[in-house]
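**Student:** Just dropping this structure here.
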Amino acid sequence: MSGSGATISLPRLEERSRVTQARVALSEWTKFVSLRSTRWSLGVGMLLTIALPIVFAAVTASHWAHMSTAERADRHPLDIALAGVNVAQLAIAVLGVLVISGEYSTGMIRSSLIAVPKRLPVLWAKIAVYAAVSFILTLPAVIIAFFASQAILSRHHILQISFGDPGVARSVLGGALYVTLVGIFALGIGTILRNTAGGIAAFAGIFFVIPPLMNILPTSWNNAISQYLPSEAGRQLFSLHHAAHSLSPTAGGLLMLGYCALTVTVAAVLLVRRDA
């Protein structure tokens, strides 16, 4: 008998699976929707965007007759409708940091970068998926908040504004765009620091700590500098009226976009150069 071993033939693959940006985006989408933190952060963000204007509108409507002239002047209906944006941005920013820092904390980032050796497609896919989901969910929430608050304030004619009034539609759309840009900025910070606590702390410092500290400066310095801070520049996207020392909506939006581009650029360079 022959002692020769049996020959095993393996099937030959007809085509190889290539790493494309679309496939990387699909992978990031799968990771994004499977995380519990995604559902919680987006849910809290949307809830705050809608609930706070409803609460503020209800309080304003019930106390309007007892308010002073100065207090009434501070209650612009669009400010009430977009009150939730200023708070919801924190929930969306936390999610932006978690989108990337969570992978570093669990070590999953190594698998992602092994599967996509060029690395940058991973970052582009994360930004695209995150930005699209944030904007698509935030825009309806802001619109609902506007019409819900207007319905509650319907008893007071002076507090009624139309969606078609000059600047109103732009402000509502700008509120959703601002939240999205804030999230992209936070995602860039999370990529740079690779740490959840550090990323959230850095974002909070830039958006919630530095602006109030500017008040210790002389008024002329404060007016000259504050308008160029990320939070103040971005806020012009959903501000209907603008103070003397503030940027226009276009200039503020472009500057906020520039901050996002700078943060993402630094994040991209570091992602390529350093170890996972």
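**Student:** Quick check: residue separation of residue 22 and residue 144 times 0.36 nm, minus the Cα distance between them. What number comes out in nm?
**Tutor:** Numbers: separation 122, 0.36 × 122 = 43.92 nm, distance 3.25 nm.
40.7 nm is the gain from fully extending residue 22 to residue 144.
**Student:** Beta carbons within 10 angstrom, averaged per residue: use that to sort the peptides 210-217, 41-48, 108-115, highest first.
**Tutor:** On the way: 210-217: 11.6, 41-48: 19.6, 108-115: 14.4.
Those peptides, ordered most packed to least, come out 41-48, 108-115, 210-217.
**Student:** I would also like to ask the following. Please report Rg (one decimal) and Dmax (integer) in Å for the Cα set of region 73-128.
**Tutor:** Cα only, region 73-128: 17.9, 58 Å (Rg, Dmax).
**Student:** Please work out the C-alpha center-to-center distance from region 206-276 to region 127-181 and express it in whole Å.
**Tutor:** So the two Cα centres are separated by 21 Å.
**Student:** Something else: At a 1.4 Å probe radius, carbon and sulfur cover how many percent of the accessible area of region 46-137?
**Tutor:** The value for region 46-137 is 69 percent carbon and sulfur by accessible area.
**Student:** I've got another one for you. Hey, what do the phi angles of region 137-144 turn into as Karplus ³J(HN,Hα) couplings, whole Hz, using 6.51/-1.76/1.60 and θ = phi - 60°, x for Gly and Pro?
**Tutor:** 8, 6, 4, x, 5, 5, 5, 4
**Student:** Against the empirical 2.2 N^0.38 Å scaling, what ratio does the C-alpha Rg of region 128-177 come to? Kindly include the intermediate steps, with their values, before the conclusion.
**Tutor:** Details: Rg = 12.8 Å, N = 50, 2.2 N^0.38 = 9.7 Å.
Relative to the rule-of-thumb radius for its length, region 128-177 sits at 1.32.
**Student:** Another question, then. Could you grab the Rg to Rh ratio for region 50-102? Cα atoms only, Kirkwood for Rh.
**Tutor:** Here Rg/Rh amounts to 1.21.
**Student:** Could you list the trypsin sites (Lys or Arg not before Pro) in region 114-151 that lie in coil according to DSSP, counting only those with at most 16 other Cβ atoms within 10 Å of their Cβ?
**Tutor:** Those satisfying the criteria are 118, 119.
**Student:** Ignoring ligands, DNA and RNA, how do 104, 228, 130, 259 rank by accessible area with a 1.4 Å probe, largest first? Don't skip to the end; give the middle numbers.
**Tutor:** On the way: 104 40, 228 110, 130 0, 259 60 Å².
Result of the area sort, largest leading: 228, 259, 104, 130.
**Student:** Taking the full set of protein chains and a 1.4 angstrom probe, give the accessible area of residue 163 in square angstrom, rounded to the nearest 10.
**Tutor:** 70
**Student:** How far apart, in nm, are two points set 7 Å out from the Cα along the Cα-to-Cβ line at residue 170 and at residue 269?
**Tutor:** Here the answer is 3.4 nm between the modelled labels.
**Student:** Let me ask something additional. Sort 103, 232 by accessible area with a 1.4 Å probe, largest first.
**Tutor:** If we order 103, 232 from most to least accessible, we get 232, 103.
**Student:** Can you compute the modelled spin-label distance between residue 158 and residue 69, with each label point 7 Å from Cα toward Cβ, in nm?
**Tutor:** A separation of 1.0 nm, rounded to one decimal place.
**Student:** Another one. Please say if region 124-225 is rounded, prolate or oblate, where rounded means a/c under 1.5 for a ≥ b ≥ c the square roots of the C-alpha gyration tensor eigenvalues, and otherwise the choice is prolate for a/b larger than b/c and oblate otherwise? Can you show the working numbers first?
**Tutor:** Values: a/c = 2.69, a/b = 1.33, b/c = 2.02.
Oblate is the answer for region 124-225, as a/c is 1.5 or above yet b/c matches or exceeds a/b.
**Student:** Given the rule -39500 (n - 2.57) for each run of at least 4 DSSP H residues, summed and divided by the residues of the chain, what is its mean residue ellipticity at 222 nm, to the nearest 500 deg cm²/dmol? Intermediate results must be reported in sequence, preceding the final value.
**Tutor:** Numbers: 13 runs with 195 residues, N = 276.
Taking each H run of at least 4 residues, the total per residue is -23000 deg cm²/dmol.
**Student:** Next up: Mind listing the long-range amide H neighbours of residue 116? Cut-off is under 5 Å, sequence gap 5 or more, other chains count too, H placed in the peptide plane at 1.01 Å from N.
**Tutor:** So residue 116 has HN proximity to no qualifying residue.
**Student:** For the chain, what does the equivalent ellipsoid look like in terms of its semi-axes, each the square root of 5 times an eigenvalue of the Cα gyration tensor, given largest first in whole Å?
**Tutor:** Working: eigenvalues 424, 97, 46 Å².
Equivalent ellipsoid semi-axes, largest first: 46, 22, 15 Å.
**Student:** Accessible area, 1.4 Å probe, largest first: how do 170, 23, 273 sort?
**Tutor:** Descending accessible area places them as 273, 23, 170.
**Student:** Taking region 171-216 as the region of interest, what is the percent of Cα-Cα pairs per 10 angstrom bin, listed from the shortest bin to the one with the maximum distance?
**Tutor:** Final binned percentages: 26, 41, 30, 3.
**Student:** Sticking with this one: Applying 1/(1 + (r/R0)^6) with R0 = 30 Å to the Cβ-Cβ distance of residue 59 and residue 222, what FRET efficiency is obtained, to the nearest 0.05?
**Tutor:** Numbers: r = 31 Å, r/R0 = 1.02.
Result of the calculation: an efficiency of 0.45.
**Student:** Under 8 Å for C-alpha pairs, at least 6 residues apart: give me the relative contact order for the chain, rounded to a whole percent.
**Tutor:** This gives 23 percent for the chain.
**Student:** Just the number please: accessible area per residue for region 108-219, 1.4 Å probe, all protein chains included, in Å².
**Tutor:** 45
**Student:** Determine the dipole magnitude for the chain: charges of +1 sit on the beta-carbon of Lys and Arg, -1 on that of Asp and Glu, nothing else is charged, the reference point is the Cα centre, and the result goes in debye to the nearest 20.
**Tutor:** 820
**Student:** Of the heavy-atom accessible surface of region 166-276 (probe 1.4 angstrom), what whole percent is carbon and sulfur?
**Tutor:** On the way: 3580 of 5090 Å².
In region 166-276, the share of accessible area belonging to carbon and sulfur is 70 percent.
The values are calculated or read from the model by the stated rules, or taken from the named source; none is laboratory data. Every value quoted in this text rests on a predicted model; they were computed, and no experiment measured them. Cβ atoms come from the backbone with ideal geometry, glycine included; neighbour counts cover every protein chain shown. Protein only, heavy atoms only, side chains kept; ligands, DNA and RNA dropped before computing areas. Shrake-Rupley method; radii C 1.70, N 1.55, O 1.52, S 1.80 Å.
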